[in-house]
1. With the cut-off at 1.5 for a/c, could you classify the range B:152-260 from its C-alpha gyration tensor as rounded, prolate or oblate?
2. With axes computed from alpha carbons, what is the tilt in degrees of helix B:191-200 against the longest principal axis of chain B, rounded to the nearest 10 within 0 to 90?
3. Of all DSSP beta bridges in chain B, what percent run antiparallel (nearest 5)?
4. If I model a spin label as a point 7 Å beyond the Cα along the Cα-Cβ vector, how far apart are those points for residue A:52 and residue A:282 in nm?
5. Calculated FRET efficiency, residue A:76 and residue B:22, Cβ-Cβ r, R0 56 Å, to nearest 0.05?
6. Over what distance in Å are the Cα centres of the range A:135-155 and the range B:111-155 separated?
7. Would you kindly work out, in nm and rounded to one decimal, the distances from the label point of residue B:31 to those of the same position in each other copy, ordered shortest first, with label points 7 Å along Cα-to-Cβ?
8. With each label point set 7 Å from Cα along the Cα-Cβ vector, what nm distance links residue A:170 and residue B:118?
There are 2 protein chains.
Amino acid sequence: MTGPAAAHPRLSLNQATIKYESLESTLRLAVDAGIASVGLWREPIAEAGLALAVRLVEDSGLRVSSLCRGGFFTAAEGEERRAAIDANARAVDEAAAIGAPALVLVVGGLPPHSRDLAGARERVRDAIGELAGRADAAGVVLAIEPLHPMYASDRAVISTLAQAIDIAEQFPASAVGVVVDTFHLWWDPELLPQIRRAGAGRRIASYQVCDWATPLPEDVLLARHYPGDGVIDFAPITAAVTAAGYTGDVEVEIFNQGIWDSPAAEVVARTVESFGEAVGIHL
Amino acid sequence: MTGPAAAHPRLSLNQATIKYESLESTLRLAVDAGIASVGLWREPIAEAGLALAVRLVEDSGLRVSSLCRGGFFTAAEGEERRAAIDANARAVDEAAAIGAPALVLVVGGLPPHSRDLAGARERVRDAIGELAGRADAAGVVLAIEPLHPMYASDRAVISTLAQAIDIAEQFPASAVGVVVDTFHLWWDPELLPQIRRAGAGRRIASYQVCDWATPLPEDVLLARHYPGDGVIDFAPITAAVTAAGYTGDVEVEIFNQGIWDSPAAEVVARTVESFGEAVGIHL
């Protein structure tokens, strides 16, 4: 009799993959599946309350690979921008409390009615500058996540790994790093050299995997798939991340309505299996 | 009484903007609107028959800014690839016959069941290598069009201007150039320096404009808008293209179901007006 696949020891289940589960349920599902690490989100932590969330995580024995997410700080100077930076400061503290080594930053798109992409990018750099000291002191790396260029106008004006590293390098590696996410970056002809560059500067704060397939769904935010179900070749990317010295957990983070609508335990089992076959063998 | 806006002398109406019109109707609509140039597509030319199409274009007095399109040659060696290269050779001859200085190449995506992005990109380079001599002899530039990365898997494995120039530079500038299309490239942090690089090598074979807006429609191929209706800042891009020495026509090419479903004369009038306001003032 063949049992379920054993979870790879570096697999981290990002909570967004089973979006409708509570923190407590997420932790239990991970433990039951033999997964050793989770990527957490702020909203379910807030639902549980931070103090309880911290205890639940400690009791679970799981590692926390990252906290999602900060960012969204491209607004021009003013009340909205100050509120965003304050919220990010609180997120840094939360990441430290929950034991997450990295706070993932989705930096934000163009402000309403703005076409000033260069200005928005400068404001991202400046916001990170305001937060870097606090992050460093808290032992949390601000992990800049370049998003696919199809989100450049409404989610993230940072679209390439090179851009993210350009910003990160202006700060200590203990304070600011980058996320390598296969879904967002697989198409980039500069991806492998930029992974090498990020590794040389000890800037890889998180490696996230999921797959790309077409046609895209109506809501392009939900276009992600299990590793192996799309066109991404995980072998060279994973080899590059490994050669770049990254030894941390590897998150599976999938936004997909069909997956969200499936029973969570099945999704976790499929995550374990697909990660092992498409990514784990290259680690 | 104020009449309709006068068409900018460098505006070219790409036929795809009024997709359902015949070649004859397209030419008449352009002439009636005071437009001096058109970008043509192979299918309506084939419907008219090449000999008649050539005569219609000559009689119209319009310039032809480009012929769309060749490409789709990422298949592995074999019958399909040979057929694609033969079709591209015929497209070169057709461009020469119709008076188009450039044949626009949408290079093709990953072949079915393939994850070999690097291999597909090499086959693009090799296919262009097979066609460059014929293009040069015919006085037609093979214009490599980098497409937005959201089309990397199914339409074009060339996603950035840098990649397109990297290939073009392996051949004479009289044979191979690049297309700068705002919709595909606006997000690229390397866009302005790469436009300069393309200009220095006399590689800009076509400048196409339309706008980007979110949310994207269900079919992301139809996500384009009139210049000025989205988030693209046409001023710096157009200034860079001009500073790079490009003096050719500037095409408005919009794929948008709502625009296709509007009366063609209205679409042409809106094209004249929006181009003048958003792009023409920067030329």
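1. Taking the square roots of the gyration eigenvalues as a ≥ b ≥ c, the range B:152-260 is prolate.
2. The two axes meet at around 80 degrees.
3. In chain B, approximately 5 percent of DSSP beta bridges are antiparallel ones.
4. If labels sit at residue A:52 and residue A:282, their model points lie 4.1 nm apart.
5. 0.70
6. Result: 33 Å between the Cα centres.
7. 8.0
8. 3.3
Read the figures in this text as sums done on the coordinates, not as results from a lab. Keep in mind it's a predicted model, so treat the numbers as computed, not measured. Backbone-built Cβ (ideal geometry, glycine too); neighbour counts: all protein chains shown.
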